[in-house]
Amino acid sequence: MDILIVEDDHEKFDRICQVIKSCQDESQNKSENIIRATTVADSRQHLSEKHFDLMILDVRMPIREMECPDDTAGIQLLEQLFLDDEYNRPRYVVGLSGIEGLYSSASKKFHRHGWILLQYSPTDQSWCDALCYFVKHINTVASSSTKHLQADVVILAALEDPEFTSVREVFPELKGPRTLDGKTLYWEGNLVTKKGITRIVAGYSWQMGLTAAAVLTGKFINEFSPKLIAMTGICAGFEDSINLGDVIVATQSWEWQGGKIKDGPEGPTLFAAPEPYRASQSIITNLRSLSSDKNFSSKITREVYPQDVGETWAVHYGPIVSGLSVVASSTVMTEAQQQHRKMLGLEMEAYAIYAAADLNAHECKRVVLKGVCDFGTSEKADNFQKKAAMRSAICLRALITEKDID
């Protein structure tokens with residue numbers, strides 16, 4: 001494997017090399033060809049001459065020789081690689097930053113391109129483990145390019161925080177990140193269930209919305225051929241039907257803004273034309289069986305989310321509709337609710353998950369669970385977001401561990 005390490009700090013470069021060497025698979029007699037660049041200009045030269053399997057990039061680098069390190073140098077290089085065909089784009093990119101403020105600001109820019117930024121520390125082992133996973137993954141793909149990845153359950157989230165961070169807290173078995181294609185990150189692990197070991201894979205989208213959710217769903221189904229694909233996270237609920245912090249299991253979903261807009265007596269009017277897709281009935285039945293226990297919420301939170309044990313919340317079953325925008329208007333919520341008298345929630349992904357799964361050539365079950373964090377009005381209850389995301393993920397864990405998903 002050919003690796004380009006863009007790093008001007010000698011001690012840090014040596015540590016990176018040690019990590020790479022430590023995760024080599026001696027049984028396969030593999031060796032890594034490592035090339036170092038100490039400036040951005042130097043890295044451009046190497047990238048114009050050679051294809052690299054992996055580029056490890058320090059965010060703060062000198063742009064040219066004899067210049068001071070620039071906080072934006074690494075980001076500039078990434079942007080140039082993305083836009084300019086003059087350079088050979090590496091198959092995988094891993095960023096490193098040991099500066100707290102710089103790490104926070106650069107992380108979103110890395111994720112936007114589907115790449116990962118690790119928080120470097122001379123004492124913490126976390127970044128070493130993550131980098132080692134990347135190297136092993138690349139070697140595995142290279143040695144078995146036709147091998148198809150497999151998973152029993154795929155878990156998706158709309159955004160990294162609070163939805164995917166909650167998934168990782170509820171499913172500590174997930175390890176990663178790995179990358180599918182240099183643009184999509186995933187985590188994987190083995191979950192002990194009543195039926196044995198269940199292989200789980202999880203990931204999150206680069207942005208909210210129907211398009212991103214549909215693309216992500218299709219990609220994960222095609223790559224992992226799961227028995228079940230599920231999404232957890234947060235949504236707006238309808239105040240007359242549900243309480244903050246409750247969990248909604250979407251029995252069906254449609255794009256509530258779909259239809260035809262025509263002029264009416266009161267101006268442009270949406271004449272809705274719902275085309276719903278549904279959750280898998282066997283999954284709904286299994287969840288109903290679990291949640292029928294009046295102590296269900298306290299039982300499932302005791303081990304995973306103990307600080308929530310004293311709270312009272314319920315699981316509801318009914319339609320969740322998806323739209324193109326975040327709603328903070330009671331008028332819009334009322335308009336959407338008129339499409340179905342039993343409507344429970346509104347968000348931006350469920351319809352895409354169900355439609356993409358239903359239309360995929362691979363048959364798999366599907367379900368979307370969302371915790372209610374607000375009522376879709378201007379008075380947003382942001383303090384419920386984490387709690388709602390955690391509860392939806394906990395319900396999914398209970399389903400996978402307690403019931404048959406086949």
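Just so it is clear, none of the values below were taken in a lab; they were calculated from the coordinates. For clarity, every value in this text was computed on a predicted model and none was experimentally measured. So basically every Cβ, Gly included, is an ideal-geometry build from the backbone, and we count neighbours across all protein chains shown.
Structure notes:
- Debye intensity ratio I(q)/I(0), log10, the range 166-220, q values 0.13, 0.15, 0.24, 0.30 Å⁻¹ (C-alpha model): -0.37, -0.49, -0.99, -1.19
- The gain in end-to-end length when the R89 to V309 segment is fully stretched comes to 74.3 nm, 0.36 nm per residue minus the alpha carbon separation.
- Relative to the current alpha-carbon distance between D406 and H362, full extension at 0.36 nm per residue lengthens the span by 14.4 nm.
- Within the range 273-361, the proportion of Cα pairs with more than 22 Å between them is 46 percent.
- A protection proxy built from the mean count of other Cβ atoms within 10 Å ranks the segments 75-83, 218-226, 150-158, most packed first, as 150-158, 218-226, 75-83.
- Computed on the chain, with alpha-carbon pairs under 8 angstrom and 6+ residues apart, the relative contact order is 16 percent.
- Of the Cα atoms belonging to the chain, the radius of gyration and Dmax stand at 23.3, 76 Å.
- In the chain, helices alone account for a calculated mean residue ellipticity at 222 nm of -11000 deg cm²/dmol, with every DSSP H run of four or more residues adding -39,500 (n - 2.57).
- Radius 12 Å from Cβ of E402, net charge of other residues (Lys, Arg +1; Asp, Glu -1): +3
- Mean sequence separation of contacting Cα pairs (under 8 Å, at least six apart), scaled by the length of the range 88-235, corresponds to a relative contact order of 27 percent.
- Taken as Cα centroids, the range 50-96 and the range 214-275 sit 39 Å apart, rounded to the nearest whole angstrom.
- By the Stokes-Einstein formula, at 1.306 mPa s and 10 °C, the range 247-406 with its Kirkwood radius over alpha-carbon pairs has D equal to 94 µm²/s.
- Hits among aspartates and glutamates - C-alpha to C-alpha of K136 under 15 Å, sequence gap 8 or more where chains match: D2, D25, E26, E32, D53, D181, E188
- With the simple spin-label model, which puts each label point 7 Å out from Cα in the Cβ direction, the S121 to R341 separation comes to 5.7 nm.
- log10 of Debye I(q)/I(0), alpha-carbon scatterers only, for the range 51-131 at 0.20 Å⁻¹: -0.94
- Shown in residue order for the range 199-216 are the 3J(HN,Hα) couplings computed by the Karplus curve 6.51 cos²θ - 1.76 cosθ + 1.60 at θ = phi - 60°: 7, 10, 10, 9, x, 9, 7, 7, 6, 6, x, 5, 5, 4, 5, 5, 4, 5 Hz (x for Gly and Pro).
- Counted residue by residue at 0.36 nm each, then reduced by the alpha carbon distance between them, the extension gain from S282 to D263 reaches 2.5 nm.
- Partners for K365 among lysines (Cα-Cα distance below 22 Å; same-chain residues under 8 apart left out): K194, K195, K219, K227, K403
- Karplus-derived 3J(HN,Hα) values for the range 5-12, using 6.51 cos²θ - 1.76 cosθ + 1.60 with θ = phi - 60°, are 10, 9, 7, 8, 8, 5, 5, 5 Hz; glycine and proline are entered as x.
- Distance between the pseudo-spin-label points of D71 and C132 (7 Å out from Cα toward the beta carbon): 3.3 nm.
- Two-decimal Rg/Rh across the range 39-193, once Rg and the Kirkwood Rh are taken from alpha-carbon atoms: 0.98
- Cβ-Cβ FRET estimate between K175 and E11, R0 fixed at 22 Å, reported to 0.05: 0.20
- Neighbourhood charge, 13 Å Cβ-Cβ cut-off, centred on T179 and excluding it, Lys, Arg +1 and Asp, Glu -1: +1
- Note on the chain: dipole from Cβ charges, positive end direction compared against S107, Y277, P69; the farthest Cα belongs to Y277.
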